[in-house]
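The structure appears right after this line, and notes come after that.
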Amino acid sequence: MPNGIGLRLLTGTITAVIVLSTLSCTKEPAGNTGATAGPRPIRIGLSLDTLKEERWQRDRDLFVQYAKELGAEVVVQAANGDDRVQMQQAENLLTQGVDVLVVVPHNGEVMGSIVDAAKGQNVPVIAYDRLIRNSEPALYVSFDNEKVGELQARYLLERAPKGNYVLIGGAPTDNNALLFRKGQMNVLQPAVDQGSIKIVSDQWAKDWLASEALRATENALTQANNDVVAIVASNDATAGGSVQALEGQKLAGKVLVSGQDADLGGLQRIVAGTQSMTVYKPIAQLARRAAEAAVALGRHEKLETTSKVNNGKIDVPSILLEPIVVNKDNIVQTIVKDGYHKMDDIYRNVPREQWPSTEKTKAQQ
Ligand code: GAL
């Protein structure tokens with residue numbers, strides 16, 4: 001991962017809401033007044049659903065980096081998409097005595113019980129990127145996920161205002177997948193009601209698997225006799241599956257396809273013309289905000305947040321960051337400029353003479 005991406009992204013974009021002092025240490029446990037023992041660093045447990053999609057590796061690396069810069073220690077666990085494993089790992093982190101737990105839940109309902117368990121031990125929980133439902137997390141840090149869905153659908157609808165649409169949702173166990181769909185329908189429903197577009201297939205990809213999206217898209221194309229103008233894929237992994245299905249019917253590049261995450265594969269498809277757009281979420285901002293909040297909570301400081309999101313039980317104090325639409329016209333000004341991915345990697349499969357001019361690229365790097 002390129003160094004320095006975070007700081008460049010962060011300057012100007014973040015309104016600091018958390019006041020931090022320089023050293024992130026817990027108070028000494030009561031009774032421990034020994035002259036030699038200093039305060040120990042804040043210990044943060046990071047429990048991840050998965051490291052499968054490229055973005056989560058970046059989330060992990062940046063979160064650990066920022067937390068360390070703030071003087072904290074991080075113990076990372078990833079559950080490979082298994083609820084039981086994630087629960088055990090999170091319980092273990094509590095047993096190890098972490099001061100704060102940061103969780104990307106595989107299943108937003110199931111992980112509610114770890115929030116309860118943590119609360120019983122006075123350990124605050126941060127829901128990272130995905131909301132944890134029906135429990136009392138101290139904070140939810142994410143992007144505006146309903147807006148992500150709106151950006152995806154609006155991009156496609158502006159370019160394909162008439163015809164048959166296919167919807168490929170993400171994992172139904174992921175609250176974000178539901179929010180993306182909500183945002184997509186905010187934009188698509190009026191066009192459906194007017195009769196200008198028709199949703200001919202509406203499916204969900206278990207665990208965000210590309211293979212699920214491939215199968216769903218193949219079925220949709222068969223049912224619609226290949227008469228489809230746009231596929232609303234909810235992230236780049238599922239977009240990859242949909243594009244593969246389109247390739248099987250020699251339709252890749254002819255049907256619009258959305259995405260999300262600015263994965264390298266998604267960006268390569270965008271410059272190849274087989275995927276229309278992605279939604280870029282600058283992960284450095286998310287990781288930075290979460291690390292700052294985790295350290296502040298570990299030090300028993302009060303967080304100031306501007307938003308609240310209801311999780312079925314409480315209005316969870318929330319930080320929601322802005323997602324950015326990326327297509328082939330602004331990849332250089334966004335992804336390359338931020339150092340999120342390198343020009344050479346994105347354009348690897350495109351003949352050099354078709355790359356955006358290096359003059360422009362240099363000026364923007
Ligand atoms: C969502 C996340 C997306 C995508 C997806 C699959 O919750 O917001 O960025 O990565 O999970 O992991």
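For this structure, a couple of remarks:
- You will find that of Gly120, Gly112, the residue that is out of contact with any strand residue (DSSP E or B) (no Cβ under 9 Å at 6 or more places or on another chain), of a type in the set (Gly, Ala, Ser) and open to solvent by less than 40 Å² (accessible area, probe 1.4 Å) is Gly112 and no other.
- Among the residues of the stretch 178-197, the ones that are more than 14 Å from the ligand (Cβ to nearest atom), without any contact (Cβ under 8 Å) to a residue 40 or more places away in the chain and open to solvent by 30 Å² or more (accessible area, probe 1.4 Å) come to 8 in all.
- Flag if Asn134 is polar (S, T, N, Q) and at positive phi: yes
- Selection within the stretch 58-81 - assigned to a loop (DSSP other than H, G, I, E, B) and touching a helix residue (DSSP H, G or I) at 6+ places or on another chain (Cβ under 8 Å): Leu70, Gly71, Ala72, Ala79, Gly81
- Odd one out for Tyr140, checked against (1) open to solvent by less than 50 Å² (accessible area, probe 1.4 Å); (2) away from the ligand (no atom under 16 Å from the Cβ): (2)
- When the criteria are applied in full, Gln89 fails the requirement of being under 18 Å from the mean Cα position of the chain (by Cα) and part of a helix (DSSP H, G or I).
- Scope the stretch 158-177; condition free of Cβ contacts under 8 Å to residues at least 60 places away in the same chain, open to solvent by 20 Å² or more (accessible area, probe 1.4 Å) and within 16 Å of the ligand (Cβ to nearest atom); matching residues: Pro172
- Residues that are within 14 Å of the ligand (Cβ to nearest atom) and in a strand (DSSP E or B) within the stretch 40-57 comprise just one, Leu48.
- Among (1) within 24 Å of Arg130 (Cβ to Cβ); (2) in the same structural domain as Lys162 (by TED's automatic domain parsing); (3) touching a residue at least 40 places away in the same chain (Cβ under 8 Å); (4) not hydrophobic (A, V, I, L, M, F, W, C), the one test that Glu292 misses: (2)
- Scope the stretch 251-274; condition outside any helix (DSSP H, G or I), under 20 Å from Leu209 (Cβ atoms) and away from the ligand (no atom under 15 Å from the Cβ); matching residues: Ala252, Val257, Thr274
- Any chance Asn145 is open to solvent by 10 Å² or more (accessible area, probe 1.4 Å), within 16 Å of the ligand (Cβ to nearest atom), within 30 Å of Asp116 (Cβ to Cβ) and within 19 Å of the chain's Cα centre (by Cα): no
- Of the candidates Gln244, Gln268, the single residue that is open to solvent by 10 Å² or more (accessible area, probe 1.4 Å), farther than 22 Å from Leu151 by Cα and out of contact with any Lys or Arg (no Cβ under 6 Å at 6 or more places or on another chain) is Gln244.
- If the condition is being more than 22 Å from Glu146 (Cα to Cα) and assigned to a loop (DSSP other than H, G, I, E, B), then the stretch 276-317 contributes Arg299, His300, Glu301, Lys302, Leu303, Glu304.
The values are calculated or read from the model by the stated rules, or taken from the named source; none is laboratory data. Note that the structure is predicted; figures quoted are calculated from it, not measured. Cβ sites come from the backbone with ideal geometry, for glycine too, and all protein chains shown count toward neighbours. Surface areas here come from the heavy atoms of the whole protein model, side chains and all, with no ligands, DNA or RNA. Shrake-Rupley method; radii C 1.70, N 1.55, O 1.52, S 1.80 Å.
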